[in-house]
Amino acid sequence: MFFLSGTPVPSVMAADSPEAVRLLSVAVQAYYREDYGAAKINLERALERQPDFSEAYLLKGLLQHHDGQNDKAAASFDRALKLNPRLPEDLRKRLEERAHAIEGRLTEQDFSHFHVQFNGAERREQAWQAVKHLDDAYRDLGSRFGVYPPIRFPVIIFTSQEFLEAWYAPMWLGGFFDRRDGRIRVRIDPPPGGDDEYRRRLRHEYTHAFVNFLYKKDLPVWFHEGVAQFYSFSSASNGFWKANRLDELAKLTRKAPWMEIGRMEEVITKKNASPLVVYLAYLQAEALVLYVAKERGDSWIPSFMERLRGGMTFEAAFLDVVGVPPPQMLENVRRFLS
Ligand SMILES: [Zn+2]
């Protein structure tokens, strides 16, 4: 779900031990299956191999949070952040070369609108399933925006293990879109939500690629993420999806500290907060885009993008389509959800 815009790969793991990476990957998969016992055992083994393994402390924090040990969880998140300083530029370059080498060995296949890379014939079926969801998203966004990009979007499909090895990316990422190379990267291991969750991941990342195709200049990252979430959940067969999702967002954000728009943008861009605060910032961004759709109709997003493409500034276009500036809309959302 992260959107990279010229910033270093986020939260890169500083792991020297491949065995520790493998054990953490097993722990993460157990965590996704909600098998918390197995997650803890493998996590402890990973930390025995590598006591300063920053990403392992993030999972530790999530598990402690799950057990209601919030103070301990906060301490684990702090420790992870201390162990995980931003990567210097040269290290990032080495990691990217490594990632591209791994990606260079993948099988490739061209479809009408997507060029898909995946690992080996055994993944072919999952790749086709991905293309089915991506094609749906291509048609859906095409009809809403009246734009059918005449290009093939590059897509790379990973297993969890490959994803960790190639990108050292944080383990809860379902995927990401990197504006620098225009590629959609998605993890295929079965998430707890099954095919629905897989569909959402693909639609989310495709939306980033689509919006980036429509408008090449910088946009606030909260807007990108909110819009990607909006179309990831959007469903033609369920007329209540918006009301249902707003209910869910109200539950998820209840009693949580609310961020102002500047802080929300900073947290999503820099990830300079605990994972729970980062998660909350994404939820707020999603709620903002969804709430405007509830108030002004779904077409607010295409109308808004059209104004941007016509040369209007973000602020002017927002005011024109929504009627109030983003900070005020966010305040309206907060009141609505609480
Ligand atoms: Zn995203």
* Structure fact -> GLU260 and ARG105 label points (each 7 Å along its Cα→Cβ direction) are spaced in nm at 5.0
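Give me the percent of the accessible area of region 215-338 that comes from carbon and sulfur atoms, probe 1.4 Å, all protein chains in place.
Carbon-and-sulfur percentage of accessible area, whole number: 53.
Rounded, prolate or oblate: which fits region 35-76, taking a ≥ b ≥ c as square roots of the Cα gyration tensor eigenvalues, rounded meaning a/c under 1.5, else prolate when a/b beats b/c?
Values: a/c = 2.72, a/b = 1.28, b/c = 2.12.
Taking the square roots of the gyration eigenvalues as a ≥ b ≥ c, region 35-76 is oblate.
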* By how many nm would the segment from ARG335 to GLU34 grow when fully extended, if each residue of separation counts as 0.36 nm and the alpha-carbon distance is taken off? -> 105.0 nm
* Asked: Considering only protein heavy atoms, what is the solvent-accessible area of ASP196 at a probe of 1.4 Å, reported in Å² to the nearest 10?
  -> 100
* **Pairwise FRET efficiency - LEU252 versus GLN129, Cβ, R0 = 22 Å, nearest 0.05** => 0.20
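Let me make sure I get this right: for region 192-338, a, b and c are the square roots of the gyration tensor eigenvalues over alpha carbons, sorted descending. Under 1.5 in a/c it's rounded, otherwise prolate if a/b > b/c, else oblate. Which is it? Intermediate values should be presented prior to the final figure.
Values: a/c = 1.30, a/b = 1.12, b/c = 1.16.
Rounded shape, in that the Cα axes give a/c under 1.5.
Could you state the accessible area per residue of region 215-338 in Å², with a 1.4 Å probe and every protein chain left in place?
On the way: 5780 Å² over 124 residues.
Accessible area per residue: 47 Å².
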* To do: Give me the number: length gained by fully extending GLU315 to ALA243, i.e. 0.36 nm times residue separation minus the C-alpha to C-alpha distance, one decimal in nm.
  => 23.2 nm
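Given axes a ≥ b ≥ c from the Cα gyration tensor, I'd like to know whether region 214-289 is rounded (a/c under 1.5), prolate (a/b larger than b/c) or oblate.
Values: a/c = 2.63, a/b = 1.20, b/c = 2.20.
Judged from the Cα gyration tensor, region 214-289 comes out oblate (a/c at least 1.5, b/c at or above a/b).
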* **Test item: Cα-centred dipole of region 215-338, Lys/Arg +1 and Asp/Glu -1 on Cβ, debye** => 220
* **Approximate spin-label separation PHE213-ASP195, in nm, with each point projected 7 Å along Cα-to-Cβ** => 2.4
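Before anything else, pin down the relative contact order of region 215-338: Cα pairs under 8 Å, at least 6 apart, normalised by residue count, whole percent. Numbers along the way, then the final one.
Numbers: 102 pairs, mean separation 41.3, N = 124.
Answer for region 215-338 is 33 percent.
The values are calculated or read from the model by the stated rules, or taken from the named source; none is laboratory data. Keep in mind the model is a prediction, meaning the values are calculated, not measured. Cβ atoms come from the backbone with ideal geometry, glycine included; neighbour counts cover every protein chain shown. The accessibility values were calculated without ligands, DNA or RNA, using every heavy atom of the protein model including side chains. Shrake-Rupley method; radii C 1.70, N 1.55, O 1.52, S 1.80 Å.
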